[in-house]
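Notes for the one structure printed next.
The values are calculated or read from the model by the stated rules, or taken from the named source; none is laboratory data. Being a predicted model, the structure only gives us computed values, none of them experimental. Neighbour counts run over all protein chains shown; Cβ positions are idealised from the backbone, glycine included. Areas reflect the complete protein model, heavy atoms only, side chains present, ligands, DNA and RNA absent. Shrake-Rupley method; radii C 1.70, N 1.55, O 1.52, S 1.80 Å.
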Amino acid sequence: MNLYQDIHTAQLQKKQLLAILIDPDKFVAEYAFAKAYLEKVPSQTTHFLVGGSTDASQNIEAVVRIIKKLTTVPVILFPGDYTQITSEADGILFLSLLSGRNPEYLIGQQVKGASHIQKSHLEVIPTGYILIDGGKETAVQRVSGTLPISQKEIDTIVHTALAGQYLGKKCIYLEAGSGAQYPVSTTIIKAVREAIDIPLLVGGGIRSQKAMQDAYDAGATMVVIGTAFEEDRWNT
Ligand code: 1GP
């Protein structure tokens, strides 16, 4: 499995990747729950992302293990902090919160996680993570102690994404925050897509087939959806 190569190829071939985000705090790592959950995700799901701003339940290893048991879809960690690293997964989005100026989330957590990753077989995908205002305070904002970039500040968002690419990130993730009132606008997705060459992940507040398609049409390589499936509010 070469996760990044597949994501990059999808970008070049304009294939649409769909990642379902599973928050270990809202998932029960038991057969019946997991089976029912996995059966309701769309058939076009290409990846599972597992992680959250917190993992109060310390559940992540068991969650990844049961997903891996029940499906062949690749599982990528999307850690809120360095404790959410488990070699049960296939890879990890090695995130750096580029929209904020809190060194702990730019490099501190990454240093703390490095030796865990070295001991694992996880494929590391360096990812520039950009938090954008989605209309309400989100967990990322609270936990990281950083503010999102306003959707009006398109130049700042584009320059942040470009800086991420120049720093060597292999993907850029535009994040409106889990449960956002509104997703990242298509204007922003388009502007970032035009500026960078690397795959673009977009998530936060996407609750319908239309919103998902709009994000793809604007240039998202991968759309990430969590809350809509958690709460059975996916609007086809
Ligand atoms: C959050 O982008 C993801 O990190 C998904 O957001 O839960 O709003 O779908 P939602």
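Being within 14 Å of the ligand (Cβ to nearest atom) and either over 12 Å from the mean Cα position of the chain (by Cα) or free of Cβ contacts under 8 Å to residues at least 12 places away in the same chain (or both) is the filter here; which residues of region 199-217 pass it?
Within region 199-217, the first condition is being within 14 Å of the ligand (Cβ to nearest atom), and the residues that meet it are 200-209, 211-212, 215.
Once the filter is applied, which keeps residues that are within 14 Å of the ligand (Cβ to nearest atom) and either over 12 Å from the mean Cα position of the chain (by Cα) or free of Cβ contacts under 8 Å to residues at least 12 places away in the same chain (or both), region 199-217 yields GLY205, ILE206, ARG207, SER208, GLN209, ALA211, MET212, ALA215.
What are the residue pairs meeting all of these: first residue in region 96-109, first residue over 18 Å from GLN165 (Cα atoms), second residue of a type in the set (Ser, Thr, Tyr) and surrounded by fewer than 22 Cβ atoms within 10 Å (Cβ to Cβ), Cβ atoms under 7 Å, and 6 or more apart or on different chains?
So the pair list comes out as ASN102/THR146; GLN109/TYR82.
Please go through region 184-236 and pick out each residue that is of a type in the set (Lys, Arg) and farther than 22 Å from GLU153 by Cα.
Residues of region 184-236 that are of a type in the set (Lys, Arg), as a first pass: 190, 193, 207, 210, 233.
Residues satisfying the conditions are ARG207, LYS210, ARG233.
Specify the residue that is farthest from HIS8 (Cα to Cα); the eligible residues are those in region 147-197 that are of a type in the set (A, V, I, L, M, F, W, C) and assigned to a loop (DSSP other than H, G, I, E, B). Talk me through it step by step, then tell me what you get.
Let us first name the residues in region 147-197 that are of a type in the set (A, V, I, L, M, F, W, C), namely 147, 149, 154, 157-158, 161-163, 167, 171-172, 174, 176, 180, 184, 188-189, 191-192, 195-196.
Retained after the next criterion (residues that are assigned to a loop (DSSP other than H, G, I, E, B)): 147, 167, 176, 180, 184, 196.
Numbers: LEU147: 30, LEU167: 18, ALA176: 23, ALA180: 27, VAL184: 22, ILE196: 13 Å.
Going through the qualifying residues, I end up with LEU147.
Give region 112-132 a look and list any residue that's more than 13 Å from the chain's Cα centre (by Cα), open to solvent by less than 50 Å² (accessible area, probe 1.4 Å) and of a type outside the set (A, V, I, L, M, F, W, C), or say none.
Answer for region 112-132, where residues must be more than 13 Å from the chain's Cα centre (by Cα), open to solvent by less than 50 Å² (accessible area, probe 1.4 Å) and of a type outside the set (A, V, I, L, M, F, W, C): GLY113, SER120, GLU123.
Tell me whether region 60-69 contains one or more residues that are open to solvent by 30 Å² or more (accessible area, probe 1.4 Å) and among the small types (Gly, Ala, Ser). Reasoning before the result, please.
Quick first cut of region 60-69, residues open to solvent by 30 Å² or more (accessible area, probe 1.4 Å) only: 61-62, 65, 68-69.
Subsequent filtering for residues that are among the small types (Gly, Ala, Ser) retains 62.
The answer is yes; a qualifying residue exists.
Restricting attention to region 218-235, and to residues there that are among the hydrophobic types (A, V, I, L, M, F, W, C) and open to solvent by less than 30 Å² (accessible area, probe 1.4 Å), which single residue is farthest from the ligand (Cβ to nearest atom)? Step through it out loud before you land on a result.
Quick first cut of region 218-235, residues among the hydrophobic types (A, V, I, L, M, F, W, C) only: 218, 220, 222-225, 228-229, 234.
When the remaining residues are screened for being open to solvent by less than 30 Å² (accessible area, probe 1.4 Å), the result is 218, 220, 222-225, 228-229.
Values: ALA218: 16, ALA220: 11, MET222: 10, VAL223: 9, VAL224: 4, ILE225: 5, ALA228: 6, PHE229: 8 Å.
For region 218-235, the residue satisfying everything is ALA218.
So which residues in region 149-191 are surrounded by 22 or more Cβ atoms within 10 Å (Cβ to Cβ), within 15 Å of the ligand (Cβ to nearest atom) and not small (Gly, Ala, Ser)?
Hits for region 149-191 are CYS171, ILE172, TYR173, LEU174, GLU175, PRO183, VAL184, ILE188, ILE189.
State all residues of region 66-88 that are more than 16 Å from the ligand (Cβ to nearest atom) and part of a loop (DSSP other than H, G, I, E, B); if no residue qualifies, say none. I'd like the intermediate steps shown before the answer.
Filtering region 66-88 for residues more than 16 Å from the ligand (Cβ to nearest atom) gives 66-74, 82-83, 85-88.
Within region 66-88, THR71, THR72, VAL73, PRO74, TYR82, THR83, ILE85, THR86, SER87, GLU88 qualify.
So which residues in region 26-59 are charged (D, E, K, R) and open to solvent by 60 Å² or more (accessible area, probe 1.4 Å), if there are any at all?
LYS26, GLU30, LYS35, GLU39, LYS40
Quick check on my filter: what residues within region 192-206 are in contact with a Phe, Trp or Tyr (Cβ under 6 Å, 6 or more places away or on another chain) and open to solvent by 10 Å² or more (accessible area, probe 1.4 Å)?
We begin by selecting, within region 192-206, every residue in contact with a Phe, Trp or Tyr (Cβ under 6 Å, 6 or more places away or on another chain); these are 201, 205.
Answer for region 192-206, where residues must be in contact with a Phe, Trp or Tyr (Cβ under 6 Å, 6 or more places away or on another chain) and open to solvent by 10 Å² or more (accessible area, probe 1.4 Å): just GLY205.
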